[in-house]
Structures are given as C-alpha cells and as structure tokens.
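Chemist: If you scroll down you'll find the structure; I have some questions about it.
The values are calculated or read from the model by the stated rules, or taken from the named source; none is laboratory data. Owing to the predicted nature of the structure, the values given are computational and were not obtained by experimental measurement. A quick note on method: Cβ atoms are made from the backbone with ideal geometry, for glycine too, and the neighbour counts reach across all protein chains shown. Each accessible area value is taken on the protein alone, full model and side chains, heavy atoms only, with ligands, DNA and RNA left out. Shrake-Rupley method; radii C 1.70, N 1.55, O 1.52, S 1.80 Å.
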Amino acid sequence: MPDSASLDLRATSKVELHRHLEGSLRLRTIIDLSREAGVPLPGRTAAELAPRALLVSPVDSLEDALAGFAIAQSSIRSYDAVRRIAREAVEDLDRENVRLAELRFSPHFLCEPGGLDWDGAMDAVVAGVHEAVDAGCDVAVGLIAIFSRDYGLESARATVDFALRHHDQLVGFDIAGTEVGFPPRTYRQVLSPLLDSGLGLTAHYGESGPPDYPREAIETLGVARLGHGLTVAQDDAVRDLVVARGVVLEMCPTSNWLTGGVASVAEHPVRRLLRDGVKVTINSDDPGYMGIDLSHEWEVARTEIRFTDEDLRTVTRTAIDASFLPQHVKDRVRARHFVWLGEGR
Ligand SMILES: [Zn+2]
C-alpha cells in the first residue's frame, strides 16, 4: 500500500472504541433539554453557551476537565432526554462514517440530576440506539457501563450489579473519573463478579496517574484495554508488559491535550507506542464537550502526530479486533464497510 496521505478521513469507515454518551451532547440539545426541564443555563444560544459548556483549551487537570461536564449533565432530567441523547449520539457517529462504535455511560452520573432509575435509563439508552438504527443509521453499537471512581465503593458495587443485570444489553465495563488516589487494587474485589460475565473489561488508567496504575490494572484487574494509558509511554517496563499481554490502549489525542496529559497534540506518544509494538487505537472521548469528532482526531493524527494512511489502517484493524462487540457482528461490519483495510490483520 502506498503511504501517501490519500484517504478522505471523513468519508472513510471508522471504528470508535472510546466515546462517552454524556460527553456527546450537542449544544442545541443541552439548550432544549434544559429549557424543557426548567434548568437555568449560562447562555440562551449555542454561541453564548459554548464558552461555558465546551472544553476547547487546556485546563490545569483532569479533575478540572471533569468538573466542566456539569452543564451537560444537569440537562439530563428524564428518560426521554436519555433516549434523545443516545439517538443523537448514534446519528452523529453515522454522519461521520463511524461504522463500529462503543458508547459508554455511567448510570450513576447519568441518572443523578434527574433522580432517574438506573434500569429505566438503561432501557432509554437502548431505545435511543434502536431509534437511530431503525431510522437508517448504519452503525453497530456496543454499550459499556461505567463506574465513576468519585462515587465510592458502594456505587462501584451497584454499578457491577447493574452491569450483570443488563449484561445482554452491554458489551463491557469501564472504570472512569478522578484517577490519582484511586489505584486499581481498590477495585479488585468489587469487580470480581464480572470476570465470568462475558463483559469486556477496560479502565481509565494512565490518563493522569503514574505508570504504576496501568501496570496494576493489568496485573490485578486483568483489563483487556486501558482508557488512554498515556503514562504507559513513561515506563519501558510497563510498556513491555502492555505489549506482552496484548493490552489495547484507547488513546484520545485532543482529550489528552485538553486535560493536560500532553503539552501538545504533536507530542502525543501514540505514534511512538505504535512503533514500539503497542496495540493503540485513536478515539474521540467526549466529542460534544470538546467540540471534535473522530474524523478530527484522525486529521490531527495525520497532521500533528504524522500518522501515515498505513498507520490509520493498523489502528483500525486493532480497534475492530479489540472491540467488545460479538465476533459475528464485527465480521459482518468488516466485510461490509472495511474493504479499505485490505486483507491484513
Ligand atoms: Zn474517557
């Protein structure tokens, strides 16, 4: 294959493994939902709201970035709202030709402002995804339940129970939220019922925490994938462990820059890790909140990180292989949409 930059990145079929439902809200939708629910907003139009509701320039810490979610979060007050944001998230994936996607959400975080029942919210998310697919969106969607570390162990237990209860409608389980001070071993016990559940396990580690966290997540939790795993690049032994175990990194260049994980997108270690044999993927994380999409991340991978088209093929093959969706779904989607990858794996 020639290595010239010839792919039309928006038109090319893509795979998204790491996208938060709560980070995917359109500004227009935040305004509509807030208005319906009588929630005050710091702006009446999308243009007025953008400076307050979007994260478009770096903040001091991951914690500061997470705090900025409040405006989007507080607009979600009903099951109809949950259904709408799920439907629109799939419409947005379809519009930029993402054909295989995993959407993740934290039931605790999602349901908190409206006092919604977690099971009711699960039904609403599934209904929203189905609405989009029934309306013609050509996206195979897998759902991942998230436990947010900030909510404590009781919430972790409840989220594990939730995931087991809905394991037919989910493909995976994730740990997210504030990282430093919450080492993986904290969750070893509480996650153990998931081990035989058939759900894939991923965890946000190595986004702002030390390389020891990704190492521990692999050794004690047995994660198949790591959300970000940025600090894996800071420790050769941890990098070698990631390679040896075949752990896949869900990397999100613009998000990592905005939350202070890297000083610039150009300095993102994803290309170096790829050259070192690490299984890396490129993802958007929070496209609504960060004003981006996956096509944008591919664009910066090409222009800032110097990814070749062959690199984009490699990370896309990796993403399909690493997706928690069932194999027969992945085979069907690959045959239908990913001819551009060629025959290699
Ligand atoms: Zn994330």
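Chemist: Being open to solvent by 30 Å² or more (accessible area, probe 1.4 Å), of a type in the set (A, V, I, L, M, F, W, C) and modelled with pLDDT under 95: is that true of Ala158 here? Talk me through it step by step, then tell me what you get.
Modeler: Numbers: open to solvent by 30 Å² or more (accessible area, probe 1.4 Å): yes; of a type in the set (A, V, I, L, M, F, W, C): yes; modelled with pLDDT under 95: no.
When the stated conditions are applied, Ala158 does not pass them.
Chemist: Are there helices (runs of 4 or more DSSP H) fully within the stretch 250-310 with at least 3 residues that are away from the ligand (no atom under 13 Å from the Cβ) and open to solvent by less than 10 Å² (accessible area, probe 1.4 Å)? List them.
Modeler: On the way: elements: 253-258, 270-275, 287-290, 294-303.
Answer list for the stretch 250-310: 294-303.
Chemist: Still on this structure: Step by step: first the residues of the stretch 330-345, then only those that are open to solvent by 20 Å² or more (accessible area, probe 1.4 Å) and part of a helix (DSSP H, G or I), then the one that is nearest to Leu9 (Cα to Cα). Which residue is that? Outline the logic, then answer.
Modeler: Residues of the stretch 330-345 open to solvent by 20 Å² or more (accessible area, probe 1.4 Å): 331-332, 334-337, 339-340, 342-345.
Applying the additional criterion that residues be part of a helix (DSSP H, G or I) yields 331-332, 334-337, 339-340.
Values: Asp331: 22, Arg332: 22, Arg334: 17, Ala335: 19, Arg336: 18, His337: 14, Val339: 15, Trp340: 12 Å.
Among them, the one singled out is Trp340.
Chemist: Here is a follow-up. Being open to solvent by 50 Å² or more (accessible area, probe 1.4 Å), of a type in the set (Val, Ile, Thr) and part of a loop (DSSP other than H, G, I, E, B): is that true of Val39 here? Steps first, please.
Modeler: Working: open to solvent by 50 Å² or more (accessible area, probe 1.4 Å): no; of a type in the set (Val, Ile, Thr): yes; part of a loop (DSSP other than H, G, I, E, B): yes.
So Val39 fails the test.
Chemist: Could you count how many residues in the stretch 42-52 are in contact with a helix residue (DSSP H, G or I) (Cβ under 8 Å, 6 or more places away or on another chain) and not in a loop (DSSP other than H, G, I, E, B)? Talk me through it step by step, then tell me what you get.
Modeler: Start the filter on the stretch 42-52 by keeping residues that are in contact with a helix residue (DSSP H, G or I) (Cβ under 8 Å, 6 or more places away or on another chain), which leaves 42-46, 49-50, 52.
In the following step, the residues that additionally are not in a loop (DSSP other than H, G, I, E, B) were identified as 46, 49-50, 52.
Qualifying residue count for the region: 4.
Chemist: Checking the condition part of a loop (DSSP other than H, G, I, E, B), in contact (Cβ under 8 Å) with a residue 40 or more places away in the chain and within 16 Å of the ligand (Cβ to nearest atom), which residue from Leu103, Leu55, Leu17 passes? Steps first, please.
Modeler: Details: Leu103 fails: part of a loop (DSSP other than H, G, I, E, B); Leu17 fails: part of a loop (DSSP other than H, G, I, E, B).
Within the list Leu103, Leu55, Leu17, the selection yields Leu55.
Chemist: Output the residue which, of all residues in the stretch 106-121 that are open to solvent by 10 Å² or more (accessible area, probe 1.4 Å) and of a type outside the set (A, V, I, L, M, F, W, C), is nearest to the ligand (Cβ to nearest atom). Before the answer, list the steps.
Modeler: Going through the stretch 106-121, the residues open to solvent by 10 Å² or more (accessible area, probe 1.4 Å) turn out to be 108-109, 112-120.
With the extra rule that they be of a type outside the set (A, V, I, L, M, F, W, C), the set shrinks to 108, 112-115, 117, 119-120.
Values: His108: 15, Glu112: 18, Pro113: 20, Gly114: 22, Gly115: 25, Asp117: 25, Asp119: 24, Gly120: 24 Å.
Out of the qualifying residues, it is His108.
Chemist: Given the options Ala72, Ala11, Ala37, Ala5, name the one that is of a type outside the set (Ser, Thr, Tyr) and more than 23 Å from Asn283 (Cβ to Cβ). Walk me through it before giving the result.
Modeler: Numbers: Ala72 fails: more than 23 Å from Asn283 (Cβ to Cβ); Ala11 fails: more than 23 Å from Asn283 (Cβ to Cβ); Ala5 fails: more than 23 Å from Asn283 (Cβ to Cβ).
Every option except Ala37 fails the conditions.
Chemist: Hey, any hits in the stretch 80-96 for a residue that's without any contact (Cβ under 8 Å) to a residue 24 or more places away in the chain and either open to solvent by 30 Å² or more (accessible area, probe 1.4 Å) or in a loop (DSSP other than H, G, I, E, B) (or both)? Lay out the reasoning, then the answer.
Modeler: So in the stretch 80-96, the residues without any contact (Cβ under 8 Å) to a residue 24 or more places away in the chain come out as 95.
So of that shortlist, the ones also either open to solvent by 30 Å² or more (accessible area, probe 1.4 Å) or in a loop (DSSP other than H, G, I, E, B) (or both) come out as 95.
Yes: the stretch 80-96 contains one or more residues that are without any contact (Cβ under 8 Å) to a residue 24 or more places away in the chain and either open to solvent by 30 Å² or more (accessible area, probe 1.4 Å) or in a loop (DSSP other than H, G, I, E, B) (or both).
Chemist: Same structure, new question: For residues that are open to solvent by less than 30 Å² (accessible area, probe 1.4 Å) and among the charged types (D, E, K, R), scanning just the stretch 205-224, find the one that is nearest to the ligand (Cβ to nearest atom).
Modeler: Here the answer is Glu207.
Chemist: Another question, then. Can you tell me which residue among Ile175, Ile144 is open to solvent by less than 30 Å² (accessible area, probe 1.4 Å) and more than 20 Å from Ile85 (Cβ to Cβ)? Before you say what the answer is, go through the steps one by one.
Modeler: Details: Ile144 fails: more than 20 Å from Ile85 (Cβ to Cβ).
Going through Ile175, Ile144 in turn, the sole match is Ile175.
Chemist: Look through Glu267, Glu250 and report the one residue that is over 16 Å from Val59 (Cβ atoms) and out of contact with any strand residue (DSSP E or B) (no Cβ under 7 Å at 6 or more places or on another chain).
Modeler: Working: Glu250 fails: out of contact with any strand residue (DSSP E or B) (no Cβ under 7 Å at 6 or more places or on another chain).
It is Glu267.
Chemist: Looking only at residues that are more than 16 Å from the ligand (Cβ to nearest atom) and within 21 Å of the chain's Cα centre (by Cα) in the stretch 225-246, which one is nearest to Gly198 (Cα to Cα)?
Modeler: Step one: of the stretch 225-246, the residues more than 16 Å from the ligand (Cβ to nearest atom) are 233-246.
Checking the rest, the ones that are also within 21 Å of the chain's Cα centre (by Cα) come to 233, 242, 246.
On the way: Ala233: 30, Val242: 22, Gly246: 18 Å.
Per the stated criteria, the residue is Gly246.
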